[in-house]
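The values are calculated or read from the model by the stated rules, or taken from the named source; none is laboratory data. On a predicted model such as this, the values are computed, not experimentally measured, just so you know. Ideal geometry is used to build each Cβ from the backbone, glycine not excepted, and the neighbour counts take in all protein chains shown.
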Amino acid sequence: MLSHSLVHIDLDTFFVSVERLKDSRLKNKPVLVGGNGDRGVVASCSYEARAYGIHSAMPIRTAKMLCPHAVIVRGDYEHYSKYSNMVTDIIKENVPVFEKSSVDEFYIDMTGMEKFFGTFKYMQDVRNKIIKETGLPISFGLSENKTVSKVATGEAKPNNCMQIHYGEEKTFLAPLHVRKIPMVGEKTTELLKKMGIIKIKTIQQMPMPVMTSILGENGTTIWKKANGIDNTPIEPYSERKSISTEETFDQDTIDVKKLGSIISAMTEKLAYQMRTENKLTSCITVKVRYSDFETHTIQKKIAYTSTDHSLIATVKELFKKIYQRRVLIRLIGVKFSGLVFGGHQINLLEDSENLLRLYQEMDFIRNKHGKNAVQRVSGMGYDFREFNPFNGIKK
């Protein structure tokens, strides 16, 4: 029996799978989902494409050289959001507690449910329900913690499931490549390779202080994960999670240009905050309070994103709709809700490789020199020092 029963669910090649539901001709073909033309990057690729060495975040032009006959599809994140929400609703109806870690990944806590039914069998039934109602392939892993369950999901793919029984975690992990450990990226893999560390078993045999001396705190975490140790709890999913900011003016204003600069600045700051936390929003709310204290809000559901240009455009669109009285405004606010993790993958769809690099460089400068080090022209008509853009963050 497991001390805990934690399930990791992953929608296999999610973007590609959704595209294949829309166009059955894409089945069994090497498919790339990504940005515009040669300047774009691969957001997702089919298993057929991976056989040619293609992977996520690879420039489209490189992928085309590896597989000239690959079918390239411009991503449709509105559809991806729709299917992600469909899966979320099914999971919500059938499990006690779950965490939505990204648009296509979930963790479920089934601890204590073994006494009522077999957890593995029950999750197989939930998986079959998702497949039947959405048409999407899905894999899951069941073990006593998040790390082992996630690795088990990866080993179960494509479109399958796996259970690692309590006490068998180290044995399961030992023969696998170190790259299978969550949080071990290419640079860490190369560093470990230079040290002669290829398999997880080698890390298991090393004293933890040695890994700590090499990689610092990350080394300690990697050692624990390699040994099947992970006490990270499930963070219950709530659609009410949000990040927001409001500004009350010293003097009520009707200056539309100034208001436009303010909401642009607010949106840019909140978008940066989301990216630093690797989060995406699926709902935007704009709030306006007039000088007579009459307050109005307007909300719009959007495809998951965290990029300034798309968020600012929507915020301005909502402000234009809500600001109808043409009287003095006392307060204005912006809120992003329906937050989920997983910013990198879906943001690969936003635009070109150059734009993605621009965001990375802007955020790097902000991280190094402060959040006000880089500003959009649209927000420069407003003094950033006049407000704290993170005063409405809800954990």
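Tell me, yes or no, whether the stretch 282-299 has at least one residue that is among the basic types (Lys, Arg), surrounded by 19 or more Cβ atoms within 10 Å (Cβ to Cβ), under 30 Å from residue 100 (Cα atoms) and touching a residue at least 12 places away in the same chain (Cβ under 8 Å).
Yes, there is a match, as at least one residue in the stretch 282-299 is among the basic types (Lys, Arg), surrounded by 19 or more Cβ atoms within 10 Å (Cβ to Cβ), under 30 Å from residue 100 (Cα atoms) and touching a residue at least 12 places away in the same chain (Cβ under 8 Å).
Determine which member of the set 285, 281 is modelled with pLDDT under 90 and under 30 Å from residue 324 (Cβ atoms). Lay out the reasoning, then the answer.
Values: 285 fails: modelled with pLDDT under 90.
Sole residue among the options that is modelled with pLDDT under 90 and under 30 Å from residue 324 (Cβ atoms): 281.
Looking at the structure I just gave you, is residue 54 surrounded by 19 or more Cβ atoms within 10 Å (Cβ to Cβ), closer than 30 Å to residue 236 by Cβ and over 16 Å from the mean Cα position of the chain (by Cα)?
For residue 54, the condition - surrounded by 19 or more Cβ atoms within 10 Å (Cβ to Cβ), closer than 30 Å to residue 236 by Cβ and over 16 Å from the mean Cα position of the chain (by Cα) - is not met.
Do you know which of the residues in the stretch 254-281 that are crowded, with 17+ Cβ neighbours inside 10 Å, polar (S, T, N, Q) and in a helix (DSSP H, G or I) is nearest to the chain's Cα centre (by Cα)?
273
For the structure I just gave you, tell me whether residue 234 is part of a strand (DSSP E or B) and within 22 Å of the chain's Cα centre (by Cα).
Judged against the criteria, residue 234 is not a match.
Given the conditions (1) outside any helix (DSSP H, G or I); (2) at pLDDT 90 or above; (3) surrounded by fewer than 18 Cβ atoms within 10 Å (Cβ to Cβ), report the number of the one that residue 245 does not fulfil.
Just one mismatch for residue 245, condition (3).
Could you go through the stretch 192-199 and let me know if any residue there is within 22 Å of residue 138 (Cα to Cα), in the same structural domain as residue 106 (by TED's automatic domain parsing) and at pLDDT 95 or above.
As a first pass, look at the stretch 192-199 and keep what is within 22 Å of residue 138 (Cα to Cα): none.
No, every residue in the stretch 192-199 fails to be within 22 Å of residue 138 (Cα to Cα), in the same structural domain as residue 106 (by TED's automatic domain parsing) and at pLDDT 95 or above.
Out of all the residues in the stretch 245-288, which are farther than 14 Å from residue 336 by Cα and of a type in the set (Asp, Glu)?
247, 250, 252, 255 - these are the residues of the stretch 245-288 that are farther than 14 Å from residue 336 by Cα and of a type in the set (Asp, Glu).
Are any residues in the stretch 196-231 over 17 Å from residue 177 (Cα atoms), of a type in the set (S, T, N, Q) and surrounded by 13 or more Cβ atoms within 10 Å (Cβ to Cβ), and if so, which ones?
If the condition is that a residue be over 17 Å from residue 177 (Cα atoms), of a type in the set (S, T, N, Q) and surrounded by 13 or more Cβ atoms within 10 Å (Cβ to Cβ), then 212, 218, 220 are the ones that fit.
Filter the stretch 182-195 down to the residues that are touching a Leu at 6+ places or on another chain (Cβ under 8 Å) and either assigned to a helix (DSSP H, G or I) or of a type outside the set (Val, Ile, Thr) (or both), then identify the one that is surrounded by the fewest Cβ atoms within 10 Å (Cβ to Cβ).
Across the stretch 182-195, the extreme among qualifying residues is 191.
Take the residues of the stretch 300-333 that are part of a strand (DSSP E or B) and of a type in the set (Lys, Arg): which is farthest from residue 102 (Cα to Cα)? Full working, then the answer.
The first filter runs over the stretch 300-333 and keeps only residues part of a strand (DSSP E or B), leaving 300-305, 329-333.
Cutting the leftovers down to of a type in the set (Lys, Arg) gives us 300-301, 330.
Values: 300: 20, 301: 17, 330: 37 Å.
Filtering the stretch 300-333 for residues that are part of a strand (DSSP E or B) and of a type in the set (Lys, Arg), the one farthest from residue 102 (Cα to Cα) comes out as 330.
Would you check which residues across the stretch 152-179 are surrounded by fewer than 19 Cβ atoms within 10 Å (Cβ to Cβ), assigned to a helix (DSSP H, G or I) and either in contact with a Pro (Cβ under 6 Å, 6 or more places away or on another chain) or charged (D, E, K, R) (or both) and list them?
155, 170, 179
Count, please, the residues in the stretch 61-70 that happen to be buried (at least 16 other Cβ atoms within 10 Å of the Cβ), in contact with a helix residue (DSSP H, G or I) (Cβ under 6 Å, 6 or more places away or on another chain) and not in a loop (DSSP other than H, G, I, E, B).
Residues that pass the stated criteria total 0.
If I filter the stretch 91-116 down to residues being more than 17 Å from residue 144 (Cα to Cα) and not acidic (Asp, Glu), which single residue comes out as modelled with the lowest pLDDT?
116
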